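J.: Please read through the structure below; I'll follow up with questions.
The values are calculated or read from the model by the stated rules, or taken from the named source; none is laboratory data. This structure is a prediction, so every number in the text was calculated from the model and none was measured. Methodologically, a virtual Cβ is constructed for each residue, glycine included, from the backbone with ideal geometry; neighbour enumeration extends over all protein chains shown. In case anyone asks, the SASA skips ligands and DNA or RNA and just uses the protein heavy atoms, side chains included. Shrake-Rupley method; radii C 1.70, N 1.55, O 1.52, S 1.80 Å.
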Amino acid sequence: MPFAALSMFHAASVLFAAAAAVAAFNLVPDAGVNEAAFVGLCVLLLGVTLAEGAARRMERRTLMERIDLERREREAQYRTVAMLTSEIETLQQSRDKGELVAEMRLVRSQLSRLKERADEAGRPAAIPLPAPAPPLTGQPLLEATTEALRENRIDLYLQPVVRLPQRRAVFHECLTRLRDGADRIITPDQYMPIAEDRGLVNAIDNLSLFRCVQTLKTRRGPDMAGIGFFCNLSPATLDDDEFFDQFTEFLAGNRDLADRIVFEVEAARLLDAGGRMQANLDALRRLGFRLSADHVTSLDMDLNEIAARGVAFMKIDAGPLIGDASMSAGSVRERLQAARTTLIASMVESEDQVVELVDAEIGLAQGYLFGEPRPMRPDA
(Lines give C-alpha, C1' and ligand atoms only; values in the text may rest on other atoms or scores of the structure.)
Protein backbone atom coordinates (compact mmCIF):
# COMPACT_ATOMS: atom_id res chain seq x y z
CA MET A 1 0.00 0.00 0.00
CA PRO A 2 1.41 3.46 -0.88
CA PHE A 3 2.66 5.50 2.07
CA ALA A 4 0.11 8.31 1.54
CA ALA A 5 -2.82 5.89 1.55
CA LEU A 6 -1.49 4.15 4.66
CA SER A 7 -1.08 7.48 6.45
CA MET A 8 -4.66 8.46 5.59
CA PHE A 9 -5.89 5.10 6.91
CA HIS A 10 -4.04 5.69 10.21
CA ALA A 11 -5.42 9.24 10.46
CA ALA A 12 -8.93 7.90 9.91
CA SER A 13 -8.33 5.31 12.66
CA VAL A 14 -7.35 8.06 15.09
CA LEU A 15 -10.50 10.02 14.27
CA PHE A 16 -12.70 6.94 14.70
CA ALA A 17 -10.97 6.17 18.00
CA ALA A 18 -11.56 9.68 19.27
CA ALA A 19 -15.21 9.56 18.16
CA ALA A 20 -15.65 6.18 19.87
CA ALA A 21 -14.19 7.51 23.13
CA VAL A 22 -16.49 10.56 23.11
CA ALA A 23 -19.50 8.38 22.28
CA ALA A 24 -18.68 5.95 25.11
CA PHE A 25 -18.30 8.80 27.61
CA ASN A 26 -21.62 10.41 26.62
CA LEU A 27 -23.76 7.36 25.96
CA VAL A 28 -22.69 5.00 28.72
CA PRO A 29 -24.00 6.35 32.07
CA ASP A 30 -21.34 4.82 34.27
CA ALA A 31 -18.42 5.41 31.88
CA GLY A 32 -15.71 7.68 33.12
CA VAL A 33 -12.75 9.20 31.37
CA ASN A 34 -10.62 6.05 31.76
CA GLU A 35 -13.29 3.75 30.32
CA ALA A 36 -13.87 6.09 27.38
CA ALA A 37 -10.11 6.25 26.70
CA PHE A 38 -9.93 2.44 26.79
CA VAL A 39 -12.69 2.16 24.19
CA GLY A 40 -10.95 4.70 21.98
CA LEU A 41 -7.65 2.82 22.32
CA CYS A 42 -9.30 -0.47 21.30
CA VAL A 43 -10.82 1.17 18.23
CA LEU A 44 -7.43 2.70 17.37
CA LEU A 45 -5.64 -0.66 17.63
CA LEU A 46 -8.32 -2.29 15.51
CA GLY A 47 -7.90 0.38 12.82
CA VAL A 48 -4.10 0.05 12.82
CA THR A 49 -4.39 -3.76 12.55
CA LEU A 50 -6.76 -3.44 9.60
CA ALA A 51 -4.43 -0.94 7.93
CA GLU A 52 -1.39 -3.21 8.32
CA GLY A 53 -3.37 -6.17 6.99
CA ALA A 54 -4.47 -4.19 3.97
CA ALA A 55 -0.86 -3.10 3.34
CA ARG A 56 0.40 -6.68 3.45
CA ARG A 57 -2.33 -7.82 1.05
CA MET A 58 -1.44 -5.00 -1.31
CA GLU A 59 2.28 -5.94 -1.19
CA ARG A 60 1.48 -9.59 -1.92
CA ARG A 61 -0.74 -8.57 -4.84
CA THR A 62 2.03 -6.34 -6.25
CA LEU A 63 4.60 -9.13 -5.86
CA MET A 64 2.34 -11.66 -7.59
CA GLU A 65 1.72 -9.23 -10.45
CA ARG A 66 5.48 -8.74 -10.85
CA ILE A 67 6.09 -12.50 -10.85
CA ASP A 68 3.32 -12.99 -13.40
CA LEU A 69 4.78 -10.24 -15.61
CA GLU A 70 8.26 -11.83 -15.52
CA ARG A 71 6.73 -15.23 -16.29
CA ARG A 72 4.94 -13.81 -19.34
CA GLU A 73 8.19 -12.15 -20.52
CA ARG A 74 10.09 -15.45 -20.23
CA GLU A 75 7.33 -17.26 -22.10
CA ALA A 76 7.54 -14.64 -24.86
CA GLN A 77 11.31 -15.14 -25.04
CA TYR A 78 10.95 -18.91 -25.29
CA ARG A 79 8.33 -18.47 -28.05
CA THR A 80 10.78 -16.25 -29.92
CA VAL A 81 13.52 -18.87 -29.47
CA ALA A 82 11.17 -21.50 -30.91
CA MET A 83 10.35 -19.20 -33.83
CA LEU A 84 14.04 -18.59 -34.58
CA THR A 85 14.75 -22.32 -34.37
CA SER A 86 11.98 -22.87 -36.92
CA GLU A 87 13.57 -20.19 -39.14
CA ILE A 88 16.90 -22.05 -39.01
CA GLU A 89 15.20 -25.25 -40.16
CA THR A 90 13.44 -23.36 -42.96
CA LEU A 91 16.68 -21.77 -44.09
CA GLN A 92 18.41 -25.14 -44.12
CA GLN A 93 15.74 -26.52 -46.43
CA SER A 94 15.03 -23.68 -48.81
CA ARG A 95 17.77 -21.06 -49.16
CA ASP A 96 20.63 -20.80 -51.60
CA LYS A 97 23.79 -22.26 -50.09
CA GLY A 98 25.71 -18.99 -50.35
CA GLU A 99 22.99 -17.11 -48.46
CA LEU A 100 22.53 -19.93 -45.96
CA VAL A 101 25.83 -19.41 -44.20
CA ALA A 102 25.36 -15.68 -43.61
CA GLU A 103 21.69 -15.88 -42.63
CA MET A 104 22.16 -18.84 -40.30
CA ARG A 105 24.99 -17.03 -38.56
CA LEU A 106 22.72 -14.02 -37.94
CA VAL A 107 19.83 -16.16 -36.69
CA ARG A 108 22.13 -18.20 -34.46
CA SER A 109 23.50 -14.98 -33.00
CA GLN A 110 19.96 -13.81 -32.16
CA LEU A 111 19.13 -17.25 -30.79
CA SER A 112 22.19 -17.21 -28.56
CA ARG A 113 21.26 -13.83 -27.10
CA LEU A 114 17.67 -14.86 -26.36
CA LYS A 115 18.73 -18.13 -24.80
CA GLU A 116 21.18 -16.33 -22.58
CA ARG A 117 18.48 -13.93 -21.35
CA ALA A 118 15.82 -16.63 -20.91
CA ASP A 119 17.90 -19.49 -19.49
CA GLU A 120 20.63 -17.74 -17.55
CA ALA A 121 18.62 -15.14 -15.60
CA GLY A 122 20.37 -14.16 -12.44
CA ARG A 123 23.90 -14.66 -13.80
CA PRO A 124 26.35 -12.30 -12.04
CA ALA A 125 27.25 -9.18 -13.95
CA ALA A 126 30.26 -9.50 -16.24
CA ILE A 127 33.57 -8.67 -14.64
CA PRO A 128 34.76 -5.36 -16.12
CA LEU A 129 37.72 -5.81 -18.48
CA PRO A 130 40.64 -3.62 -17.40
CA ALA A 131 42.13 -1.30 -19.98
CA PRO A 132 45.53 -1.79 -20.93
CA ALA A 133 46.42 -4.95 -19.02
CA PRO A 134 48.30 -8.25 -19.45
CA PRO A 135 46.62 -11.00 -21.53
CA LEU A 136 43.28 -12.05 -20.11
CA THR A 137 43.02 -15.26 -18.13
CA GLY A 138 40.42 -17.10 -16.07
CA GLN A 139 36.92 -15.72 -15.73
CA PRO A 140 37.59 -12.42 -17.57
CA LEU A 141 38.95 -14.42 -20.54
CA LEU A 142 35.89 -16.69 -20.50
CA GLU A 143 33.49 -13.74 -20.51
CA ALA A 144 35.48 -11.79 -23.13
CA THR A 145 35.61 -14.81 -25.46
CA THR A 146 31.90 -15.56 -25.10
CA GLU A 147 31.00 -11.92 -25.70
CA ALA A 148 33.30 -11.63 -28.73
CA LEU A 149 31.65 -14.63 -30.38
CA ARG A 150 28.16 -13.46 -29.46
CA GLU A 151 28.81 -9.96 -30.84
CA ASN A 152 30.61 -11.32 -33.96
CA ARG A 153 33.89 -9.60 -33.10
CA ILE A 154 35.85 -12.16 -35.15
CA ASP A 155 38.59 -10.94 -37.48
CA LEU A 156 40.42 -12.80 -40.23
CA TYR A 157 44.19 -12.37 -40.31
CA LEU A 158 46.43 -13.39 -43.22
CA GLN A 159 50.07 -14.52 -43.05
CA PRO A 160 51.97 -15.08 -46.30
CA VAL A 161 53.54 -18.33 -47.45
CA VAL A 162 56.31 -17.29 -49.85
CA ARG A 163 58.26 -18.91 -52.65
CA LEU A 164 62.03 -18.92 -52.21
CA PRO A 165 64.30 -17.34 -53.16
CA GLN A 166 62.05 -14.63 -54.66
CA ARG A 167 59.98 -14.34 -51.44
CA ARG A 168 56.83 -13.79 -53.47
CA ALA A 169 53.60 -14.68 -51.66
CA VAL A 170 51.86 -17.69 -53.22
CA PHE A 171 49.53 -18.56 -50.33
CA HIS A 172 48.06 -16.90 -47.27
CA GLU A 173 47.28 -18.78 -44.10
CA CYS A 174 43.96 -17.67 -42.63
CA LEU A 175 44.12 -17.10 -38.89
CA THR A 176 41.26 -15.97 -36.67
CA ARG A 177 41.48 -13.45 -33.87
CA LEU A 178 38.79 -12.31 -31.44
CA ARG A 179 38.41 -8.83 -29.98
CA ASP A 180 37.12 -8.03 -26.50
CA GLY A 181 34.99 -5.00 -25.62
CA ALA A 182 38.09 -2.79 -25.50
CA ASP A 183 39.27 -3.99 -28.95
CA ARG A 184 42.15 -5.98 -27.47
CA ILE A 185 43.14 -9.08 -29.44
CA ILE A 186 42.37 -12.53 -28.03
CA THR A 187 44.71 -15.03 -29.70
CA PRO A 188 43.89 -18.68 -30.53
CA ASP A 189 46.07 -20.06 -27.75
CA GLN A 190 43.82 -18.11 -25.37
CA TYR A 191 40.36 -18.63 -26.85
CA MET A 192 40.62 -22.12 -28.37
CA PRO A 193 40.29 -24.09 -25.09
CA ILE A 194 37.15 -22.10 -24.24
CA ALA A 195 35.75 -22.36 -27.77
CA GLU A 196 36.27 -26.13 -27.75
CA ASP A 197 34.64 -26.46 -24.33
CA ARG A 198 31.61 -24.40 -25.45
CA GLY A 199 31.27 -26.09 -28.85
CA LEU A 200 31.98 -22.85 -30.72
CA VAL A 201 34.93 -23.98 -32.84
CA ASN A 202 32.63 -24.99 -35.70
CA ALA A 203 31.26 -21.46 -35.97
CA ILE A 204 34.81 -20.03 -36.06
CA ASP A 205 35.84 -22.49 -38.78
CA ASN A 206 32.68 -21.65 -40.74
CA LEU A 207 33.31 -17.92 -40.57
CA SER A 208 36.97 -18.30 -41.56
CA LEU A 209 36.07 -20.40 -44.61
CA PHE A 210 33.24 -18.09 -45.66
CA ARG A 211 35.47 -15.03 -45.57
CA CYS A 212 38.23 -16.84 -47.47
CA VAL A 213 35.78 -17.77 -50.21
CA GLN A 214 34.44 -14.21 -50.29
CA THR A 215 37.99 -12.90 -50.68
CA LEU A 216 38.76 -15.28 -53.54
CA LYS A 217 35.55 -14.28 -55.32
CA THR A 218 35.77 -10.51 -54.86
CA ARG A 219 39.50 -9.76 -55.01
CA ARG A 220 40.61 -9.59 -58.64
CA GLY A 221 43.70 -7.40 -58.40
CA PRO A 222 47.19 -8.47 -59.50
CA ASP A 223 48.17 -9.04 -55.85
CA MET A 224 45.61 -11.88 -55.69
CA ALA A 225 46.41 -13.58 -59.00
CA GLY A 226 47.11 -17.24 -58.28
CA ILE A 227 47.04 -16.75 -54.51
CA GLY A 228 45.68 -19.64 -52.45
CA PHE A 229 44.57 -19.94 -48.86
CA PHE A 230 45.30 -22.33 -46.03
CA CYS A 231 42.24 -22.68 -43.78
CA ASN A 232 42.56 -24.48 -40.47
CA LEU A 233 40.09 -27.23 -39.63
CA SER A 234 39.75 -28.27 -36.01
CA PRO A 235 39.05 -31.81 -34.77
CA ALA A 236 35.75 -30.50 -33.41
CA THR A 237 34.63 -29.58 -36.93
CA LEU A 238 35.80 -32.85 -38.44
CA ASP A 239 33.99 -34.84 -35.75
CA ASP A 240 30.66 -33.01 -36.13
CA ASP A 241 28.63 -34.81 -38.81
CA GLU A 242 25.67 -32.41 -38.74
CA PHE A 243 27.85 -29.35 -39.18
CA PHE A 244 30.17 -31.02 -41.67
CA ASP A 245 27.24 -31.97 -43.93
CA GLN A 246 26.39 -28.27 -44.27
CA PHE A 247 30.10 -27.49 -44.63
CA THR A 248 30.57 -29.85 -47.59
CA GLU A 249 27.33 -28.68 -49.22
CA PHE A 250 28.69 -25.14 -49.18
CA LEU A 251 32.02 -26.35 -50.62
CA ALA A 252 30.23 -28.35 -53.32
CA GLY A 253 28.78 -25.08 -54.60
CA ASN A 254 32.29 -23.58 -54.79
CA ARG A 255 34.27 -26.44 -56.29
CA ASP A 256 35.85 -24.03 -58.76
CA LEU A 257 37.97 -22.78 -55.85
CA ALA A 258 39.25 -26.23 -54.87
CA ASP A 259 42.70 -25.55 -56.33
CA ARG A 260 43.05 -22.40 -54.22
CA ILE A 261 41.82 -23.56 -50.81
CA VAL A 262 43.89 -25.98 -48.73
CA PHE A 263 42.51 -27.29 -45.45
CA GLU A 264 45.08 -27.55 -42.69
CA VAL A 265 44.88 -30.19 -39.94
CA GLU A 266 47.28 -30.88 -37.10
CA ALA A 267 49.51 -33.79 -38.13
CA ALA A 268 48.92 -35.86 -34.98
CA ARG A 269 45.15 -35.74 -35.47
CA LEU A 270 45.47 -36.39 -39.18
CA LEU A 271 47.53 -39.52 -38.63
CA ASP A 272 45.11 -40.86 -36.02
CA ALA A 273 42.02 -40.01 -38.04
CA GLY A 274 39.51 -42.80 -38.26
CA GLY A 275 35.81 -43.41 -38.53
CA ARG A 276 33.84 -40.19 -38.73
CA MET A 277 36.87 -37.86 -39.06
CA GLN A 278 38.44 -39.88 -41.87
CA ALA A 279 35.10 -40.08 -43.69
CA ASN A 280 34.81 -36.29 -43.57
CA LEU A 281 38.39 -35.87 -44.80
CA ASP A 282 37.60 -38.24 -47.66
CA ALA A 283 34.56 -36.08 -48.51
CA LEU A 284 36.86 -33.05 -48.89
CA ARG A 285 39.23 -35.04 -51.10
CA ARG A 286 36.39 -36.21 -53.35
CA LEU A 287 35.37 -32.58 -53.85
CA GLY A 288 38.89 -31.83 -55.06
CA PHE A 289 40.16 -29.94 -52.01
CA ARG A 290 43.68 -30.62 -50.76
CA LEU A 291 44.97 -31.05 -47.22
CA SER A 292 47.99 -29.75 -45.35
CA ALA A 293 49.50 -31.33 -42.23
CA ASP A 294 51.04 -28.83 -39.82
CA HIS A 295 53.09 -29.29 -36.64
CA VAL A 296 54.92 -32.21 -38.27
CA THR A 297 57.72 -33.34 -35.94
CA SER A 298 58.68 -36.67 -37.52
CA LEU A 299 58.51 -38.41 -40.89
CA ASP A 300 58.14 -41.82 -39.29
CA MET A 301 55.00 -42.54 -41.32
CA ASP A 302 53.86 -44.03 -44.60
CA LEU A 303 54.17 -40.93 -46.78
CA ASN A 304 52.49 -42.57 -49.79
CA GLU A 305 49.48 -43.46 -47.63
CA ILE A 306 49.35 -39.90 -46.32
CA ALA A 307 49.45 -38.55 -49.88
CA ALA A 308 46.65 -40.92 -50.88
CA ARG A 309 44.50 -39.33 -48.19
CA GLY A 310 44.78 -36.00 -50.00
CA VAL A 311 47.69 -34.48 -48.04
CA ALA A 312 49.49 -32.25 -50.54
CA PHE A 313 51.56 -30.13 -48.12
CA MET A 314 53.48 -30.68 -44.89
CA LYS A 315 54.71 -27.92 -42.62
CA ILE A 316 57.85 -28.50 -40.56
CA ASP A 317 59.42 -25.85 -38.33
CA ALA A 318 62.61 -24.45 -39.85
CA GLY A 319 64.56 -24.80 -36.60
CA PRO A 320 64.58 -28.61 -36.37
CA LEU A 321 64.45 -28.95 -40.14
CA ILE A 322 67.90 -27.39 -40.60
CA GLY A 323 69.30 -27.74 -37.10
CA ASP A 324 68.54 -31.37 -36.21
CA ALA A 325 71.24 -33.75 -37.37
CA SER A 326 68.67 -36.55 -37.65
CA MET A 327 66.54 -34.49 -40.07
CA SER A 328 68.37 -33.29 -43.18
CA ALA A 329 66.37 -30.60 -44.96
CA GLY A 330 67.39 -31.84 -48.39
CA SER A 331 66.54 -35.49 -47.71
CA VAL A 332 63.21 -34.51 -46.14
CA ARG A 333 62.31 -32.54 -49.25
CA GLU A 334 63.28 -35.46 -51.50
CA ARG A 335 61.22 -37.98 -49.48
CA LEU A 336 58.15 -35.78 -49.54
CA GLN A 337 58.62 -34.95 -53.22
CA ALA A 338 58.72 -38.67 -54.01
CA ALA A 339 55.36 -39.00 -52.23
CA ARG A 340 53.90 -36.06 -54.22
CA THR A 341 53.84 -33.87 -51.12
CA THR A 342 55.28 -30.34 -50.95
CA LEU A 343 57.40 -29.31 -47.97
CA ILE A 344 56.79 -25.90 -46.35
CA ALA A 345 59.37 -24.64 -43.88
CA SER A 346 57.43 -22.82 -41.14
CA MET A 347 58.48 -20.54 -38.29
CA VAL A 348 61.32 -18.96 -40.33
CA GLU A 349 62.84 -16.17 -38.27
CA SER A 350 66.34 -15.40 -39.58
CA GLU A 351 68.20 -14.75 -42.82
CA ASP A 352 70.66 -17.54 -41.99
CA GLN A 353 67.76 -20.00 -42.03
CA VAL A 354 66.69 -18.69 -45.44
CA VAL A 355 70.19 -19.33 -46.85
CA GLU A 356 70.14 -22.94 -45.64
CA LEU A 357 66.61 -23.50 -46.95
CA VAL A 358 67.55 -22.19 -50.38
CA ASP A 359 70.68 -24.40 -50.38
CA ALA A 360 68.43 -27.40 -49.63
CA GLU A 361 66.16 -26.36 -52.55
CA ILE A 362 63.13 -25.92 -50.30
CA GLY A 363 60.75 -23.77 -52.30
CA LEU A 364 58.07 -22.65 -49.82
CA ALA A 365 58.45 -20.99 -46.44
CA GLN A 366 56.41 -19.15 -43.85
CA GLY A 367 57.34 -17.11 -40.80
CA TYR A 368 57.54 -13.69 -39.20
CA LEU A 369 60.63 -12.93 -41.30
CA PHE A 370 58.39 -12.76 -44.37
CA GLY A 371 55.41 -11.15 -42.71
CA GLU A 372 53.42 -11.36 -39.51
CA PRO A 373 49.67 -12.08 -39.54
CA ARG A 374 47.80 -8.92 -40.50
CA PRO A 375 44.06 -8.15 -40.57
CA MET A 376 42.36 -8.66 -43.89
CA ARG A 377 41.76 -5.28 -45.52
CA PRO A 378 38.15 -4.05 -45.75
CA ASP A 379 38.27 -4.35 -49.55
CA ALA A 380 39.16 -8.06 -49.26
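J.: Calculate the dipole size of segment 241-380 relative to its Cα centre from +1 charges on Lys and Arg beta carbons and -1 charges on Asp and Glu beta carbons; express the result in debye to the nearest 20. Please list the in-between numbers first.
T.: Values: 14 positive and 25 negative charges, 102 e Å.
Roughly 480 debye, rounded to the nearest 20.
J.: Taking amide H positions as placed 1.01 Å from N in the peptide plane, with prolines and chain starts having none, which residues 5 or more places from THR176, or on another chain, fall under 5 Å of its amide H?
T.: It is TYR157, by chain and number.
J.: OK, next. Describe numerically, in nm with one decimal, the distance between label points set 7 Å from Cα along Cα→Cβ at GLU372 and at ILE185.
T.: Result for the modelled spin labels: 0.6 nm.
J.: Along segment 153-168, what does the Karplus equation 6.51 cos²θ - 1.76 cosθ + 1.60 (θ = phi - 60°) give for ³J(HN,Hα), rounded to whole Hz, x for Gly and Pro?
T.: 8, 10, 10, 9, 10, 10, 10, x, 10, 10, 9, 9, x, 5, 6, 8
J.: Could you report the accessible area of GLU372 in Å², rounded to 10, computed with a 1.4 Å probe on the protein chains as they sit in the structure?
T.: 80
J.: Any idea how far apart MET64 and ARG335 come out in nm if each label point goes 7 Å out from Cα toward Cβ?
T.: Placing both labels 7 Å beyond Cα along the Cβ direction yields 8.0 nm.
J.: If the chain between ALA268 and ALA283 were fully stretched, how many nm would it gain, using 0.36 nm times the residue separation less the Cα-Cα distance?
T.: On the way: separation 15, 0.36 × 15 = 5.40 nm, distance 1.97 nm.
Value of the extension gain: 3.4 nm.
J.: How large is the convex hull of the Cα atoms of segment 259-306 per residue, expressed in Å³ as a whole number?
T.: Details: hull volume 3.9 nm³, N = 48.
That works out to 81 Å³ per residue.
J.: Would you calculate the convex hull of the Cα atoms in segment 162-261 and tell me its volume per residue in Å³?
T.: Expressed per residue, the convex hull around the Cα atoms of segment 162-261 is 140 Å³.
J.: State, to one decimal in nm, how far the label point of ARG153 lies from the label point of ASP241, with both points 7 Å from Cα in the Cβ direction.
T.: With each label placed 7 Å out from Cα toward Cβ, I get 3.8 nm.
J.: Sequence gap at least 6, Cα distance under 8 Å: using those rules, report the relative contact order of segment 303-350 to the nearest whole percent. Write down the numbers at each step before the final one.
T.: On the way: 49 pairs, mean separation 24.7, N = 48.
Relative contact order for segment 303-350 comes out at 52 percent.
J.: Sort all Cα-Cα distances of segment 130-212 into consecutive 5 angstrom bins from zero, then give the percent of pairs in each bin up to the one containing the longest distance.
T.: For segment 130-212, the pair-distance distribution reads 3, 13, 24, 21, 14, 10, 7, 5, 2, 0.
J.: What number results when the radius of gyration of segment 246-364, computed over Cα atoms, is divided by 2.2 N^0.38 Å? Kindly include the intermediate steps, with their values, before the conclusion.
T.: Details: Rg = 15.3 Å, N = 119, 2.2 N^0.38 = 13.5 Å.
That ratio works out to 1.13.
J.: For VAL262, which sequence-distant residues (separation of 5 or more, or a different chain) have an amide H within less than 5 Å of its own amide H, given hydrogens modelled in the peptide plane?
T.: When sequence neighbours closer than 5 places are left aside, the close amide H contacts are PHE229, PHE230, CYS231.
J.: Sticking with this structure for a sec: Per q in 0.12, 0.13, 0.21, 0.25 1/Å, what log10 I(q)/I(0) does a Debye calculation on the alpha-carbon atoms of segment 206-309 return?
T.: -0.41, -0.48, -1.16, -1.50
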